[in-house]
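Structure, as structure tokens:
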Amino acid sequence: MTTSAITPDSQPAGLRGAVDWIIESARALDKSRLKIDADNKMPGGVYVLDRNHLLAYPRDNGDSRFPYGQGGFNFWVHASGYMHSNEGLFSHFVRSAHGQEPNIAFFAGLPRGDSFQPVPLLSVPVMDEDSDTPVTRYTVLSYAAAYFITEVDGLRFVVRAFAKPNNDLCFTLYAENRSPSDRSVYLSSYFNPFLRHQLFQSDEDPWFKEIQVVSRFKSSPRTLESFMVRVNEDLDRTRSFSNWGILRRALTPSSQCTLTRKEATTARGQYVGGSRHSLHTAKALKAGTFGRGQNVCTFVDQAIAADMLHLHMPAMEHARIDIVFSQAETSADAKRLVEEPVDCIEIDKQLDSLIADDELRHSSLELTVDKADTQVLRQPVFNTFLECLKRQVEFCALIKGYIQVTPNSLIGVRDVSQAIEALAVWRPDAARDKLLEMLGFTAPDGRCFRQYSLPASDGSAGQMDLRPFIDQGSWVISCLVSYIKFTGDYNILNEQVGYHEIIDEPAGVVEKSNKQDSVLMHMFKIMQYLLDHRDHSHTGCVRALYGDWNDAMDGLGISLDPSQKFGTGVSVMATLHVLQNCTEMIDLLAALDDQRYDKYVTAYNDASQNLRQGLNEYAVERNDKGHTRILHGWGDRRSYLVGGFKDPDGVPRDGLTSNAFWVLSGMLEEKSPLRSIILDAFDRLDSKYGLKTFAPAFPPNTRGVGRIGKLPPGTAENGACYIHATAFAIMALFQMGQSKRAWEQLYKILPFTDIHENLSHSPFVMPNSYGHNPGKSIDGQNMNDWQTGSSNVVLKTLIRFVFGIEPAFDGLWIQPAANAPFEHFHAKATVQKCQIDLTCKTTIARGRKFTVNGQAVDGVFDPKMQIDRLWIPSEQLREKRLDISISD
């Protein structure tokens, strides 16, 4: 198809302004110009442009990424250019493995004699490129959109991608001729949508997908056709339905830029050149044409939506193509969408609105440092990381499941509870809603499910993971207590929430119960379930059942009696956490000041005494040389011990989480000899990348510990820094007054510090682990990023101990730790509806001076934390704002 020259609308300033700023900022850091500011550098070829934009150069040893979308819709954009999206189990675009052909791609074509030199406008797919025509590529990730910039032979290309609140995916392809002479190029986009309730594509799926080119009712030579996607799915033998998608396009050239030819195809084979080819070797891109084109494709080939637009651009002229991919409920909705024009000005406005909404959502919590020690923390990088960390916690708290591309990647009760606890600091309403949703996935006996998924479209219960990991309920209790302390929202305890009955536990089948109770009654039942599952016959400690927080350590609960599903094996960490829960519930009920809860207070006090007695008697092991260790746990009938002087494999071993929670639970008394025992254990667990979860690693087939021994030594939880566990220990160090040692460990786990040169994921959010086994070529790589509990523990640690905001039921402690690697910091947060504006001009521990709204106030020395801290009673928090400063 060909068109005559056209005179389009003028180019909107929104995108061009963003592009100009990005180019100018990126060039200031351009490696080839040797103008990189070391203060802005992160590992993995990432640089901070400002607190809202991250520059990422292409790399082959990993990738960075950012999630866009809202309300559980995830549009993942990688710095490499890989993109995929899903909402729950429904995938709009499936994920491609590294090195595979992407399902979304953009290209430019430069004339080279009778053919073209194709130039990928993302870093994938990798194609052979002309060495005489160097190509510069980089990506800018912001909190609302991603920008991919390509500069080659006097031409500049930009691809912008973001997701609208209605889940529409918006792409803008921008081309600009920066050379002094006229240029002719083509621009080509390639989309391979999926639109199925699956996470992976099967060989049969293309049979049920059809894509066709459709024209708008009112068309013109400048109109770009749309693509209509239909994917048929079967719910069961009698119920089928179709998923619809519409890909709409609009061309907006500058006044002298002309569209000389336009083509479209719906057949992948026609685009790449046949079954033996891929996007890496696409024949049509070299030829500059699809030939005849194919306007409809189904069954015999992979249906795609692809175009090729040939442009003539005089010097300094430009053009943009806006592409919107939408999902429709019915064929009628799809047909109506075809008639809706794509307005580039409106798209820019929608992105501006997303940017403003993001800033507003996160404005209630501000954390910044000033005059940082550049040898430890670089100020621009640390401040940007804090903003990214907030967004990571928000992402983890509000997920709808299937974040990992696996069938069992559901919504974890433990995971979401921990994330909600942090999110409540600045998004209490969103945290509250998710809390109430999560509580509904509790059995009437107080058993919290391990993982859940939201109901299907027909209202039936979704998939569940019902394996009884004992610690799920503990995190729910801690989350609710922390939420109330920060927000003062006691009314949540009166909210009515339902339950789910377990119908078939092995199959994960549940049914929504007709019974409802208050949130407080849910808490009572959860506590009862936890306390019922103690080893009442012997140690009094909490039984591990299927396992605890450490999923890989899933063998302690196995019974020696084949007729019993679980034995009396114990998790010391879970026992300590339940002890903490008892204290939390006693304090909560005291704050309610209602005598009708006396029986619960008495029960929790009795349980606390019994738990303490059991821990002191059985969890602390002493050998014949007078040395002491805190055990990780033991097997059925104490037939073997783990984390002691002789584990099942015959070696002594330290476990991190039991030592950390001995402190966090309040079990460690001020002058206890176990203080030095814990610190010695931390020393033995220390490593290049932080405190290991266990040391040494478990060999394969170690009796009683479960699948942890199947992990290679030095990876994940098995003898490596599993960051979530390390963060617990860092929090414990701060609580013990060991702030210098805590900062040493923080420096090791923060992903942007200098030691992480081999980081394999995004350096601006928390990963889940750092592997270290040089013999297996593992040195700092990590398994994953974004969805990991390390994010919320690190943020809570920073809020509670670095910036020092620690609410209680009856007031607020201000307690910044000493030895921070910066001179000043500022924090703004809302505690119990009072805005706290905190400025600290020193990090010394003693001799601090506090002022509140300009009035000097005395602090109180805390012998455990070894700092002066300030107490703000609840009466004072009734004011709208408190300005608090700390100085020498």
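The values are calculated or read from the model by the stated rules, or taken from the named source; none is laboratory data. As the structure is a prediction and not an experimental result, all values here were calculated from the model. Don't worry about glycine lacking a Cβ; one is built from the backbone with ideal geometry, like all the others, and counts go over all protein chains shown. The accessibility values were calculated without ligands, DNA or RNA, using every heavy atom of the protein model including side chains. Shrake-Rupley method; radii C 1.70, N 1.55, O 1.52, S 1.80 Å.
Descriptive notes on the structure:
- Scanning the range 800-851 for residues that are touching a helix residue (DSSP H, G or I) at 6+ places or on another chain (Cβ under 9 Å) and either within 16 Å of L733 (Cβ to Cβ) or of a type in the set (D, E, K, R) (or both) yields a total of 15.
- Condition check for E129: without any contact (Cβ under 8 Å) to a residue 60 or more places away in the chain and either open to solvent by less than 10 Å² (accessible area, probe 1.4 Å) or part of a strand (DSSP E or B) (or both): no
- Residue match in the range 267-284 (condition: of a type in the set (K, R), open to solvent by 40 Å² or more (accessible area, probe 1.4 Å), under 30 Å from R183 (Cβ atoms) and in a strand (DSSP E or B)): no
- Every condition in (1) surrounded by fewer than 21 Cβ atoms within 10 Å (Cβ to Cβ); (2) over 19 Å from L377 (Cα atoms) holds for H772 except the one numbered (1).
- Any hit, the range 438-448, residues being over 28 Å from T753 (Cβ atoms), basic (K, R), more than 20 Å from the chain's Cα centre (by Cα) and not in a helix (DSSP H, G or I): yes
- Flag for K262 being open to solvent by 70 Å² or more (accessible area, probe 1.4 Å) and among the charged types (D, E, K, R): no
- Any hit, the range 73-92, residues being farther than 22 Å from P125 by Cβ, open to solvent by 20 Å² or more (accessible area, probe 1.4 Å) and more than 17 Å from the chain's Cα centre (by Cα): yes
- Comparison of S202, S220, S181 shows that the only residue that is outside any strand (DSSP E or B), surrounded by fewer than 21 Cβ atoms within 10 Å (Cβ to Cβ) and modelled with pLDDT of 95 or more is S181.
- Of the residues A727, A697, the single one that is touching a residue at least 12 places away in the same chain (Cβ under 8 Å) and part of a loop (DSSP other than H, G, I, E, B) is A697.
- From the list R450, R467, R427, the one residue that fits, being basic (K, R), open to solvent by 10 Å² or more (accessible area, probe 1.4 Å) and under 30 Å from D358 (Cα atoms), is R427.
- Count of residues meeting criterion [part of a helix (DSSP H, G or I) and in contact with a helix residue (DSSP H, G or I) (Cβ under 6 Å, 6 or more places away or on another chain)] in the range 414-431: 11
- Every residue from the range 820-846 that is open to solvent by 50 Å² or more (accessible area, probe 1.4 Å) and either aromatic (F, W, Y) or assigned to a loop (DSSP other than H, G, I, E, B) (or both): K833, K841, I844, R846
- Residue under evaluation E233, criteria (1) touching a residue at least 40 places away in the same chain (Cβ under 8 Å); (2) surrounded by fewer than 19 Cβ atoms within 10 Å (Cβ to Cβ); (3) of a type outside the set (V, I, T), criterion not met: (1)
- Matching residues in the range 142-178 - criterion: being surrounded by 21 or more Cβ atoms within 10 Å (Cβ to Cβ) and among the basic types (K, R): R160
- Among the residues of the range 507-523, the ones that are touching a Leu at 6+ places or on another chain (Cβ under 8 Å) and either of a type in the set (S, T, Y) or surrounded by fewer than 13 Cβ atoms within 10 Å (Cβ to Cβ) (or both) come to 1 in all.
- Filtering the range 607-619 to residues that are open to solvent by less than 60 Å² (accessible area, probe 1.4 Å) and either touching a residue at least 60 places away in the same chain (Cβ under 8 Å) or under 14 Å from M573 (Cβ atoms) (or both) leaves A607, L611, G614, L615, Y618, A619.
- Criterion (within 19 Å of L279 (Cβ to Cβ) and open to solvent by 10 Å² or more (accessible area, probe 1.4 Å)) met by exactly one of R59, R51, R95: R95
- Q735 passes every criterion in (1) open to solvent by 40 Å² or more (accessible area, probe 1.4 Å); (2) of a type outside the set (K, R); (3) in contact (Cβ under 8 Å) with a residue 60 or more places away in the chain; (4) in contact with a Phe, Trp or Tyr (Cβ under 6 Å, 6 or more places away or on another chain) apart from (4).
- Screening L691, L685, L746 for residues that are touching an Asp or Glu at 6+ places or on another chain (Cβ under 8 Å), of a type outside the set (V, I, T), surrounded by 22 or more Cβ atoms within 10 Å (Cβ to Cβ) and free of Cβ contacts under 8 Å to residues at least 60 places away in the same chain leaves exactly one candidate, L685.
- Failed criterion for S123 (all others in (1) closer than 24 Å to N40 by Cβ; (2) open to solvent by 10 Å² or more (accessible area, probe 1.4 Å); (3) assigned to a strand (DSSP E or B) hold): (3)
- Hits in the range 715-727 (condition: open to solvent by 10 Å² or more (accessible area, probe 1.4 Å) and touching a helix residue (DSSP H, G or I) at 6+ places or on another chain (Cβ under 7 Å)): E717, H724
- Among the candidates G650, G655, G626, G635, residue that is closer than 24 Å to F698 by Cβ and surrounded by fewer than 19 Cβ atoms within 10 Å (Cβ to Cβ): G650
- Residue check for N701: surrounded by fewer than 24 Cβ atoms within 10 Å (Cβ to Cβ) and at pLDDT below 95: yes
- Test: E757 is surrounded by fewer than 20 Cβ atoms within 10 Å (Cβ to Cβ), at pLDDT below 95 and not in a loop (DSSP other than H, G, I, E, B): no
- Selection of first residues in the range 274-287 that are within 14 Å of L187 (Cα to Cα) and of second residues that are small (G, A, S) and not in a loop (DSSP other than H, G, I, E, B), restricted to Cβ pairs under 7 Å at least 6 apart or on distinct chains, gives the following pairs, ordered by first then second residue: L285/G109; L285/S188; K286/S115; A287/S115.
- Cross-chain or 6+ apart pairs with Cβ under 6 Å, the range 792-808 first and within 19 Å of G488 (Cβ to Cβ), then outside any strand (DSSP E or B) and open to solvent by less than 10 Å² (accessible area, probe 1.4 Å): K796/A422; I805/I799; E806/Q815
- Pairs where the first residue, in the range 88-117, is without any contact (Cβ under 8 Å) to a residue 60 or more places away in the chain and assigned to a loop (DSSP other than H, G, I, E, B) and the second is surrounded by fewer than 23 Cβ atoms within 10 Å (Cβ to Cβ) and of a type in the set (D, E), C-beta under 9 Å, 6+ apart: H98/D63
- Within the range 132-176, the set of residues being in a strand (DSSP E or B), under 17 Å from L354 (Cα atoms), of a type in the set (S, T, N, Q) and under 24 Å from the mean Cα position of the chain (by Cα) comprises S142 only.
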